[in-house]
Structures are given as C-alpha cells and as structure tokens.
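Asks: Sending over a structure as structure tokens; questions will come in a sec.
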Amino acid sequence: MKTLLLIGMGAGDPEQITVQAINALNRASVLFVLDKGPLTEDLVRLRREICERYIRTPGYRLVQVDDPQRNSALASYTAGVEDWHAQRAEVFAQLIAEQLAEGECGAFLLWGEPTLYDSTLRILDRVRAKGCNDFDYQVIPGISSVQALAARHRIPLNLIGQPIRITTGRRLVAEDLDNVVVMLDAHCAFEAFIDENVDIYWGAYLGTPDELLMAGKLADVCEPIKQLRKAARLRKGWVMDTYLLRRRPSA
C-alpha cells in the first residue's frame, strides 16, 4: 500500500511547522510540489527551504509539477472550481501512479492547515472515486493563517460566550459582522461595510519577511488597507491575506 501525508506547513514562517510535521517529512521518500507559476515562486521556494531545513533522511526526491489553473472566466464559480478539481485529480492520480512505488510514502506540503479552505482532501476523494485505491493518506495539522493573524494582532479569536464564523469574501454578509474571519477575499469585500461600526484586523503574507499588518476602525483604515494591498500585489504579483471583522460594543 502506498501512503500519502498531507502536511500543514503553517502560514508562511518556517518555524511554525510542528514536530509532528517534521517527523512526517522524514518519513516521506517523495515530496510533491505544485507550481502555480512564476508569480508565486515564493511559495515553491518556501517549501524547498522547509525540506532543506528539516529533512534529515538522505535520498528523498522533490517532484515539482504545474498546478492546473482555475478558469475564472466561467460564469459559475462552482462550475469553475469543479472543473479545476477534476483537472487536479488527474494530476494527483498520475503522481501516485508514476512517482510512488508500492510501499513508498509521499507527501504534500500544504499552506496553512489541510482541513481549512484547502482542496486536497476533496481531490483525493475524487482520485479514489476514479478507481485509484492503492493508497492510504494521513493528515498532519498545521498552523492556519487564522491563528497566525490573531497571534500577530494579539487578540483572542472568540468573544466570551460568543461564536466565531470563518467565511470567504464572496460570502461575507452584514449578519456576520459581530465576529467573523474572512479568507480568500480577492476584491476587498470589507469595503461594502464601511458604514458599519466594526473594527478590522488585517494581515497579508503572515509569517513571511513581507508580512503586512493593519488594524483599526474599518471606516478609518479601509482605504489605507486597500492601497497597501494594491501596492503589495503590484510588487509581488500575488497577495494572500486574512482579516477579522468585529462589531464594536454599543455605547
């Protein structure tokens, strides 16, 4: 039986990786790296740095393949994701079949936490549904950008006795604003709520040398965050940010 390890690598700081993750890395004969293209070469470089820093087992291989691109031109977002996942499933099935021998262990280094807004588990379900069942897999949890954001701003994620919601920019609604973490927001959805009495705690490239942080009343910092985010995207070619919105107590 082949084995796959889905290893959470943290939000960007190589020192965020856990002892369990380091042990898992040293079990793997093959490390799979999905390359999203030249604009995100930092993400590939960090994975290589983690391997070089922590793997002590000689003879491991790094296998780097192009990651299929999601077709954002499709009218339906869901249809676009389904098509993207299908393409990824083909790539994963090929990697498992051609790069892992019977009895070998392979690993994916996944940004943040494998169970939070990451598609790998769903894609492996697709691979199994296609009849590729000669592998087992394990999940090694990691520090998510949500945890890193709260730590960097020195705030608790939850209010006493209150829930917290985690959602995406496209699903953000006013009813969530009491206490909500937003991920995968490409269009600054927070701007729609500038007239609400809320604070924002924002961070980009968390844990990396390029880390950016800003916090304050949304009405005061909305435009500065947008400008900082725009400049960062122009400089690096990509932005990975997370933020928390929290309604201010009534007077």
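Asks: Among the residues of region 204-219, are any in contact with a helix residue (DSSP H, G or I) (Cβ under 9 Å, 6 or more places away or on another chain), hydroxyl-bearing (S, T, Y) and more than 27 Å from G37 (Cβ to Cβ)?
Replies: no
Asks: Taking the condition of being in contact with a Ser or Thr (Cβ under 9 Å, 6 or more places away or on another chain) and either under 19 Å from R61 (Cα atoms) or in a strand (DSSP E or B) (or both), how many residues in region 108-136 meet it?
Replies: 5
Asks: Is there a residue being touching a helix residue (DSSP H, G or I) at 6+ places or on another chain (Cβ under 7 Å), at pLDDT 85 or above and under 17 Å from G142 (Cα atoms) anywhere in region 61-72?
Replies: no
Asks: Also, I was wondering about something else. List pairs: first in region 229-249 and farther than 24 Å from A151 by Cα, second surrounded by 14 or more Cβ atoms within 10 Å (Cβ to Cβ), Cβ under 7 Å, 6+ apart or cross-chain?
Replies: Once the first residue is farther than 24 Å from A151 by Cα and sits in region 229-249, its partners that are surrounded by 14 or more Cβ atoms within 10 Å (Cβ to Cβ) give K236/D210.
Asks: Can you tell me which residue within region 233-250, out of those that are closer than 21 Å to I155 by Cα and either part of a loop (DSSP other than H, G, I, E, B) or among the polar types (S, T, N, Q) (or both), is nearest to the chain's Cα centre (by Cα)?
Replies: The qualifying residue nearest to the chain's Cα centre (by Cα) is M240.
Asks: Ok, one more. Working only within region 207-232, note down all residues that are open to solvent by 70 Å² or more (accessible area, probe 1.4 Å), under 21 Å from the mean Cα position of the chain (by Cα) and modelled with pLDDT of 95 or more.
Replies: Passing the criteria: only K230.
Asks: Pull up region 233-251, narrow it to residues that are modelled with pLDDT of 95 or more and in contact with a Phe, Trp or Tyr (Cβ under 9 Å, 6 or more places away or on another chain), then point me to the one that is farthest from G37 (Cα to Cα).
Replies: Looking at residues that are modelled with pLDDT of 95 or more and in contact with a Phe, Trp or Tyr (Cβ under 9 Å, 6 or more places away or on another chain), I get R246.
Asks: Separate question: Residues being surrounded by 12 or more Cβ atoms within 10 Å (Cβ to Cβ), farther than 22 Å from P141 by Cα and in contact (Cβ under 8 Å) with a residue 40 or more places away in the chain: count how many of those fall in region 18-41.
Replies: Number of matching residues: 1.
Asks: Just checking, how many residues over region 42-61 are surrounded by 14 or more Cβ atoms within 10 Å (Cβ to Cβ) and either within 29 Å of G103 (Cβ to Cβ) or free of Cβ contacts under 8 Å to residues at least 12 places away in the same chain (or both)?
Replies: Qualifying residue count for the region: 8.
Asks: Further, regarding this structure: Quick check, is A192 part of a helix (DSSP H, G or I) and buried (at least 18 other Cβ atoms within 10 Å of the Cβ)?
Replies: no
Asks: In region 206-225, how many are under 28 Å from M9 (Cα atoms) and out of contact with any strand residue (DSSP E or B) (no Cβ under 6 Å at 6 or more places or on another chain)?
Replies: Here the count works out to 6.
Asks: Also: Determine whether region 152-163 contains at least one residue that is under 23 Å from S76 (Cα atoms) and surrounded by 15 or more Cβ atoms within 10 Å (Cβ to Cβ).
Replies: So far as region 152-163 goes, no, none of its residues is under 23 Å from S76 (Cα atoms) and surrounded by 15 or more Cβ atoms within 10 Å (Cβ to Cβ).
Asks: Could you check E191 against (1) under 21 Å from L46 (Cβ atoms); (2) without any contact (Cβ under 8 Å) to a residue 40 or more places away in the chain; (3) of a type in the set (D, E, K, R) and say which number it fails?
Replies: Only one criterion in (1) under 21 Å from L46 (Cβ atoms); (2) without any contact (Cβ under 8 Å) to a residue 40 or more places away in the chain; (3) of a type in the set (D, E, K, R) is unmet by E191, namely (1).
Asks: Mind listing just one residue for me: the one in region 88-118 that is polar (S, T, N, Q) and surrounded by 15 or more Cβ atoms within 10 Å (Cβ to Cβ) and, of those, farthest from the chain's Cα centre (by Cα)?
Replies: Per the stated criteria, the residue is Q99.
Asks: Moving on. Considering region 137-183 alone, what residues qualify as being of a type outside the set (F, W, Y), assigned to a strand (DSSP E or B) and over 18 Å from W202 (Cβ atoms)?
Replies: Selection gives Q138, V139, I140.
Asks: Quick check, is I123 β-branched (V, I, T) and surrounded by 16 or more Cβ atoms within 10 Å (Cβ to Cβ)?
Replies: Against the criterion (β-branched (V, I, T) and surrounded by 16 or more Cβ atoms within 10 Å (Cβ to Cβ)), I123 qualifies.
The values are calculated or read from the model by the stated rules, or taken from the named source; none is laboratory data. Worth saying up front: this structure is predicted, and the values here are computed from it rather than measured. In this analysis, Cβ positions are derived from the backbone assuming ideal geometry, glycine residues included, and neighbour counts consider all displayed protein chains. Side chains are part of the model used for accessible areas, which takes the heavy atoms of the whole protein and leaves out ligands, DNA and RNA. Shrake-Rupley method; radii C 1.70, N 1.55, O 1.52, S 1.80 Å.
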